[in-house]
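Q: For reference, the structure I am asking about is given below.
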Amino acid sequence: MQRRILSYLLTLWIVLTVNFLLPRLLPGDPLAALLDPQSSDYVFDAEARAALEAYYGLDRPLPEQYGRYLLGAFTGDLGRSIRLNRPVGELIGAHLPWTLLLTGTALFLASLLALLGGTEAAWRRGSWRDRVLVTAGVVAGNAPVYFVGMMLLILFGAWLGWLPLAGGRTPFAHYDTPLAAAADVGRHLLLPALTLTLALVGAKFLLVRSSVVSVLSEDFMLVLRAKGLSEGRLKWAHALRNALLPFVAHLAAHASMAITGAVFIEALFNYPGMGRLIFEAVGARDYPLIQGVFLVVSTVVLTANLLADWLNARLDPRLRAEQ
Amino acid sequence: MRRSGRLGGDLVLGLAGLALFAALALLAGVLAPYDPHAFSGQPLERPSPAHPLGTNDAGHDILSELLYGARISLTVALGAAVGTVALGALVGGVAGTVGGWLDGLLMRLVDVLLALPRLPLLILLVAFLGAGLAQTTVVIALLFWPATARVVRAQVQSVRQRGYVRMARSWGGSPGYLLHRHVLPQIGPLLLSGLVTAAGQAVAMEAGLAFLGLGDPTAKSWGLMMRFALNLPGLLLTDRWLWWLLPPGLCVTLLILALTFTGVGLETRLHPRLRK
């Protein structure tokens, strides 16, 4: 585990440094363009320009810029958004919970569906139901999430009119009870979360199915069956349980997939999370905001990686013995 | 057990789809009724015999845009996939052959790149490098090679340890001979399926970046078409999405699925043990 933590810190440092060097070393100097009155990207707002100069400090020597940047990153100072003229840290703080809600819901639903469906499909491997599910899993896992989202949006939002078209909650709404507020948030969450669930369930399903299939041919399954255990116990208490390790090992990769999906989905559904924030920042060439979102999202994903590794080591006796 | 007839089905389906898109891209100049950049009608025309898929908000023929868009998607896919696999094979091959500290260093790099969320990094790079097609292609290749590198390294290491290869070496087989005679034939199939996988990811990422507003504004790709369509306020409330948004979205999806099925078909064909 110590090795894991060390490599986590190293990766984090690489992320921080890449994020620092990228705008400063690139040809064309995109940051300088923001401060150059001749350029089309010139920031006209004097206050925003001053904040920009103060944050990047481009007139100082590079090591000093680096030191100030690292210090800022650790104290939560990520500069000021050019377009919104608010601290990047504050903007991220307001948007991160929405993304966590969206990805958390989708990861949970996709995991549940994949564990149930994957085990059932493996149990009936080779049947027409299994084949349909495998093909559906391949299609759902590879179809671009923005297209799937568009279709759901058109079907449920525009055509049937059952669910809201965009946003995280009704604008200017006033709720009488916390329950009404939660219901509104839930209604807005439904379509984006469903889209992301569909995007994630394919890969998870195929993984669970193939691990259960390989457990089924183990000797202990034959012994348990000979002992007279019921189908249900064999399936859920033994086959699935022994197939869980690869599923846990891939949790981190799936968290990373969920972030990628969330960026597209939030841009499409106008959902007020980190993806929406980076989408709008890209449109306005709002570099401090793009960098801030990248930094925070990377840190969250890397931390999820570390947690998944830790969980995996706790669950797998072979890994535990290595320590 | 899946039958071998079914296994061929994936591959046939995928290759047929790829052939169709390749034909559309090659024949775009003949098939397209108009120049996709020419003002060939009024803005936002409904489908008619003159414009089978109507026109966009600038009066460009949507069918022509769609046909020329195939060229962009396939070009980026090919370029990025070749770049990804070449880089991956090089790094994986060197790491697997040389070993030692260089292997350790390269594999650390692979771990770091695999751990990072790809899309935010892709957005960051394209935002600073500029949203040209060439930049997009290069950046995709630079971010997606680690998966190939890891597989190639493992295979190189395993092949080098096999009895017949060690024997060939002890009998004085030169490194070039060993590479050509024993290592490459074992890696070729891996590279082929890696190429198809990378191409699918590249299509999805190119269209996705354009969809996010990071597309080359001069190259009308399918992703850019979707972006322009979605930029029209209230698009989904009329039936306009049916001929403006749906066709490019469907094209991206079908091309990715064609590549996916080709990949699945290749893998099951190359690794008979997966047939279960």
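Q: Within chain B, which DSSP H helices have Cα atoms that stretch 15 Å or more along the helix axis and a mean Kyte-Doolittle hydropathy of at least 1.6? Spell out each step's value before the answer.
A: Details: long enough: B:4-26 (33 Å, 1.55); B:62-98 (53 Å, 1.56); B:100-115 (23 Å, 1.36); B:118-129 (16 Å, 2.50); B:133-161 (42 Å, 0.69); B:184-211 (40 Å, 1.23); B:246-270 (35 Å, 1.41).
TM-like helix candidates: B:118-129.
Q: Assuming a strict under-27 Å limit between Cα atoms, what lysine pair count do you get for the protein assembly as shown once near-sequence pairs (fewer than 8 apart, same chain) are dropped? Display every interim value, and only then the final one.
A: Values: A:Lys204/A:Lys235; A:Lys204/B:Lys276; A:Lys227/A:Lys235; A:Lys227/B:Lys276; A:Lys235/B:Lys276.
Counting lysine pairs in the protein assembly as shown gives 5.
Q: Taking the Cα-to-Cβ direction at A:Phe74 and at B:Leu78 and moving 7 Å from each Cα, how far apart do the two end points lie in nm?
A: 5.1 nm
Q: What do you get for Rg/Rh of chain B when both radii come from the Cα atoms and Rh is the Kirkwood radius?
A: Numbers: Rg = 22.3 Å, Rh = 20.8 Å.
Reported Rg/Rh, Kirkwood definition of Rh: 1.07.
Q: Return the calculated 222 nm mean residue ellipticity for the protein assembly as shown, to the nearest 500 deg cm²/dmol, obtained by summing -39500 (n - 2.57) across DSSP H runs with n ≥ 4 and dividing by the residue count.
A: Details: 26 runs with 431 residues, N = 599.
Helix-only estimate at 222 nm: -24000 deg cm²/dmol.
Q: What residues in segment B:238-254 lose 40 Å² or more of accessible surface when the other protein chains are added to their chain alone (1.4 Å probe)?
A: Those are B:Trp241, B:Thr253, which lose 40 Å² or more relative to the chain on its own.
Q: Still on this model: What FRET efficiency, computed as 1/(1 + (r/R0)^6) with R0 = 56 Å and r the Cβ-Cβ distance, is obtained for B:Leu142 and A:Ala226, rounded to the nearest 0.05?
A: Working: r = 55 Å, r/R0 = 0.97.
E(calc), rounded to 0.05, equals 0.55.
Q: Residue-wise, which Karplus ³J(HN,Hα) couplings in Hz belong to segment A:172-181, taking 6.51 cos²θ - 1.76 cosθ + 1.60, θ = phi - 60°, and x for glycine or proline?
A: 6, 6, 10, 9, 7, 10, x, 5, 5, 5
Q: In square angstrom, what is the accessible area per residue of segment A:131-192 with a 1.4 angstrom probe?
A: Working: 3330 Å² over 62 residues.
Here the residues of segment A:131-192 average 54 Å² of exposed surface.
Q: Heavy-atom accessible surface, probe 1.4 Å, ligands and DNA/RNA ignored: which residues of segment A:288-306 lose at least 10 Å² versus the isolated chain?
A: A:Ile290, A:Gln291, A:Phe294, A:Val297, A:Ser298, A:Val301, A:Leu302, A:Asn305
Q: Taking a ≥ b ≥ c as the square roots of the Cα gyration tensor eigenvalues, with a/c under 1.5 meaning rounded and otherwise prolate when a/b beats b/c, else oblate, which class fits segment A:95-322?
A: Numbers: a/c = 2.28, a/b = 1.69, b/c = 1.35.
It is prolate, given that a/c is not under 1.5 and a/b is the larger ratio.
Q: For segment B:108-135, list whatever residues lose no less than 40 Å² of accessible surface once every protein chain is in place, relative to that chain by itself, with the probe at 1.4 Å.
A: B:Arg108, B:Val112, B:Ala115, B:Leu116, B:Pro117, B:Leu119, B:Pro120, B:Ile123, B:Leu124, B:Ala127, B:Phe128
Q: Helix A:128-142 versus the longest principal axis of chain A: what is the Cα-based angle in degrees, 0 to 90, to the nearest 10?
A: Approximately 10 degrees, to the nearest ten.
Q: Residues of segment A:61-80 with backbone nitrogen within less than 20 Å of a virtual label 7 Å along the Cα-to-Cβ line of A:Ala54, please, listed as ranges.
A: Counting backbone N atoms under 20 Å from the label point, the list is A:61, A:64-80.
Q: A plus B alone minus the pair: what accessible area, both sides summed, probe 1.4 Å, in Å² to 100?
A: Accessible area lost upon association: around 4100 Å².
Q: Once the other residues with Cβ under 10 Å from the Cβ of B:Ser64 are scored (Lys, Arg +1; Asp, Glu -1), what is the net sum? Let's see the in-between values first.
A: Working: positive: B:Lys220; negative: B:Asp35, B:Asp61, B:Glu65.
Result for the neighbourhood of B:Ser64: -2.
Q: Can you give me the distance in nm between label points at A:Leu315 and A:Ala166, each placed 7 Å from the Cα along the Cα-to-Cβ direction?
A: Placing both labels 7 Å along Cα→Cβ, they lie 4.0 nm apart.
Q: For segment A:1-133, which whole percent of the accessible surface, found with a 1.4 angstrom probe, sits on carbon and sulfur atoms? List each step's numbers first, then the result.
A: Details: 4790 of 7480 Å².
The value for segment A:1-133 is 64 percent carbon and sulfur by accessible area.
Q: How many Å² of accessible area per residue for segment A:2-75, probe 1.4 Å? It would help to have the intermediate numbers written out before the result.
A: Numbers: 4590 Å² over 74 residues.
Per-residue accessible area for segment A:2-75 comes out at 62 Å².
Q: Taking K and R as +1 and D and E as -1, what net charge do the other residues with C-beta under 13 Å from the C-beta of B:Arg160 add up to?
A: Values: positive: B:Arg153, B:Arg162, B:Arg166, B:Arg169, B:Arg181; negative: B:Asp103.
Taking every other residue near B:Arg160 into account, the sum is +4.
Q: Rounded if a/c is under 1.5, else prolate if a/b beats b/c, else oblate: with a ≥ b ≥ c from the C-alpha gyration tensor eigenvalues square-rooted, which is segment A:32-101? Intermediate values should be presented prior to the final figure.
A: Working: a/c = 2.74, a/b = 1.29, b/c = 2.12.
Note, shape of segment A:32-101 comes out oblate.
Q: At a 1.4 Å probe, what is the % contribution of carbon and sulfur to the accessible area of segment B:2-275? Walk me through the intermediate numbers first.
A: Values: 8210 of 11990 Å².
Using a 1.4 Å probe with all protein chains present, segment B:2-275 comes out at 68 percent carbon and sulfur.
Q: Next question. Helix A:2-25 against the longest principal axis of chain A: what's the angle in degrees, Cα atoms only, rounded to the nearest 10?
A: It is inclined by approximately 40 degrees.
Q: Ignoring ligands, DNA and RNA, what accessible area per residue does segment B:184-223 give at 1.4 Å, in Å²? Please list the in-between numbers first.
A: Details: 1160 Å² over 40 residues.
Each residue of segment B:184-223 exposes 29 Å² on average to a 1.4 Å probe.
Q: Starting from the alpha-carbon convex hull of the protein assembly as shown, give the projected area averaged over all orientations, in nm². Mind dumping the intermediate values first?
A: Values: hull surface 133.6 nm².
Here the figure is 33.4 nm², rounded to one decimal.
Q: Which semi-axes, in whole Å and largest first, does the equivalent ellipsoid of segment B:130-185 have when worked out from the alpha carbon gyration tensor as the square roots of 5 times its eigenvalues? Before the final figure, lay out each step's value.
A: Numbers: eigenvalues 257, 28, 7 Å².
Here the semi-axes work out to 36, 12, 6 Å.
Q: Modelling each spin label as a point 7 Å along the Cα-to-Cβ direction, I'd like the A:Arg129/B:Gln186 distance in nm, to one decimal.
A: 4.2 nm
Q: Here's a follow-up. Return the Rg/Rh value of segment B:201-262, two decimal places, where both radii are evaluated on C-alpha atoms and Rh is the Kirkwood radius.
A: Details: Rg = 12.0 Å, Rh = 12.0 Å.
Reported Rg/Rh (Cα atoms, Kirkwood Rh): 1.00.
Q: What number comes out for the charge environment of B:Leu106, summing +1 per Lys or Arg and -1 per Asp or Glu over other residues with Cβ under 14 Å away? Kindly include the intermediate steps, with their values, before the conclusion.
A: On the way: positive: B:Arg108, B:Arg150, B:Arg153; negative: B:Asp103, B:Asp111.
Value of the local net charge: +1.
Q: Right, here's the next one. Is the C-alpha gyration tensor of segment A:2-75 telling us rounded, prolate or oblate? Criteria: a/c under 1.5 is rounded; beyond that, a/b larger than b/c is prolate, otherwise oblate. Please list the in-between numbers first.
A: Values: a/c = 2.90, a/b = 2.22, b/c = 1.31.
Since a/c reaches 1.5 and a/b is larger than b/c, the shape of segment A:2-75 is classed as prolate.
Q: If you take all C-alpha pairs in segment A:88-146, what percent of them are over 15 Å apart? Don't skip to the answer; put the middle values down first.
A: Working: 1111 of 1711 pairs.
So the pairs more than 15 Å apart make up 65 percent of the total in segment A:88-146.
The values are calculated or read from the model by the stated rules, or taken from the named source; none is laboratory data. Note that the structure is a prediction, hence the values are computed from the model and not measured. No Cβ is skipped: glycine too gets one built from the backbone with ideal geometry, and neighbour counts run over all protein chains shown. These accessible areas exclude ligands, DNA and RNA; they are computed on the full protein's heavy atoms, side chains included. Shrake-Rupley method; radii C 1.70, N 1.55, O 1.52, S 1.80 Å.
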